[in-house]
Amino acid sequence: FSLSAEKPPVPDINFTNRVGDMQKLSDYRGKVVLFNAWATWCGPCINEMPSLDKVQKELGGDDFQVVPVSMDRTGVLTVDLFYRENNLKNLPILVEHQSSIARVLRPRGLPFTLLIDREGNELGRALGEVFWDQPEGIAMLKRFI
């Protein structure tokens, strides 16, 4: 994880929720957001998702939200099955809409994570799996919340 010195605004990415309703990152303004681009076929993503689920359970609420957006082209059913198979109960099911993550954020790989402040600015980023639920990760997130 590396902190962003300049805190640039994060583009307002579009995605859909479990029932197909359009959402965007700006819907989470007012909260600190841990935005995670991932896929069910990505080994490091598979390893990281339980950690994100635990972080959401521990820290999620009015001030903080994990926003895991799947880049799976097969959509909600694939992600729902993955959540059930991996006992993920605290994360929303969100899927990419029209390749907006790849087109706008251009991650160099997956998982790709942004920590975003309450105003929609980037606080930091990580490429690759991070075990956010470890004591150091929880302490860092609490500092920003």
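Asp63 versus Asn86, label points 7 Å from Cα toward the beta carbon: distance in nm?
Going by the 7 Å Cα→Cβ label model, 2.8 nm.
Roughly what would the spin-label model give for Phe144 and Asp21, points 7 Å off Cα along C-beta, in nm?
Each label point is offset 7 Å from its Cα along the Cβ direction, giving 2.6 nm.
Between Thr74 and Ala102, what is 0.36 nm times their sequence separation minus the Cα-Cα distance? Round to one decimal in nm.
Extra length from Thr74 to Ala102 when fully extended: 8.5 nm.
Dipole size in debye (nearest 20) for the chain around its Cα centre, Lys and Arg Cβ +1, Asp and Glu Cβ -1? Could the numbers behind the result be given before it?
Numbers: 17 positive and 19 negative charges, 31 e Å.
The calculation lands at about 160 debye.
Hey, any idea what % of the chain's accessible area is carbon plus sulfur with a 1.4 Å probe?
Details: 3580 of 7440 Å².
The computed percentage sits at 48.
By average Cβ neighbour count within 10 Å, what is the ranking of 70-81, 3-14 from highest down? List each step's numbers first, then the result.
Numbers: 70-81: 16.3, 3-14: 13.8.
In descending order of packing, they fall as 70-81, 3-14.
Tell me which residues come under 5 Å, amide H to amide H, from Val69 once H is placed; ignore anything under 5 positions away on its chain.
Asn36, Ala37, Trp38
List the residue ranges in the chain for DSSP H helices whose C-alpha atoms run 24 angstrom or more along the long axis and whose Kyte-Doolittle average is -1.0 or above.
Numbers: long enough: 43-59 (25 Å, -0.53).
Qualifying helices, which must be both long enough and hydrophobic enough, are 43-59.
Leaving out ligands and nucleic acids, and using a 1.4 Å probe, what accessible area per residue does the chain come to in Å²?
Working: 7440 Å² over 145 residues.
Result: 51 Å² of accessible area for each residue.
About the Cα centre of region 97-139, what is the dipole size in debye to 20, counting +1 per Lys and Arg Cβ and -1 per Asp and Glu Cβ, all else neutral?
Working: 5 positive and 6 negative charges, 69 e Å.
In total the dipole reaches around 340 debye.
Out of every Cα-Cα pair in region 1-74, what percent are more than 17 Å apart?
On the way: 1441 of 2701 pairs.
Everything past 17 Å amounts to 53 percent.
Please report, in whole Å, how far the alpha carbons of the chain spread along each principal axis, starting with the longest.
So the three principal-axis extents are 36, 30, 29 Å.
Which whole-number percentage describes the relative contact order of the chain, with Cα contacts under 8 Å and a sequence gap of 6 or more?
37 percent
Per residue of the chain, what 222 nm ellipticity follows from adding -39500 (n - 2.57) for every DSSP H run with n ≥ 4, rounded to the nearest 500?
Values: 3 runs with 37 residues, N = 145.
Calculated from helices alone, the mean residue ellipticity at 222 nm is -8000 deg cm²/dmol.
Take the Cβ-Cβ distance between Lys7 and Ile46 as r, set R0 to 41 Å, and report the resulting FRET efficiency rounded to the nearest 0.05. Working shown, then result.
Details: r = 31 Å, r/R0 = 0.75.
Given R0 = 41 Å and the Cβ-Cβ separation, E is 0.85.
The values are calculated or read from the model by the stated rules, or taken from the named source; none is laboratory data. As the structure is a prediction and not an experimental result, all values here were calculated from the model. Here Cβ is always computed from backbone atoms with ideal geometry, including for glycine, and neighbour counts include all displayed protein chains. Just so you know, the surface numbers come from the protein's heavy atoms only, side chains and all, with ligands and any DNA or RNA stripped out. Shrake-Rupley method; radii C 1.70, N 1.55, O 1.52, S 1.80 Å.
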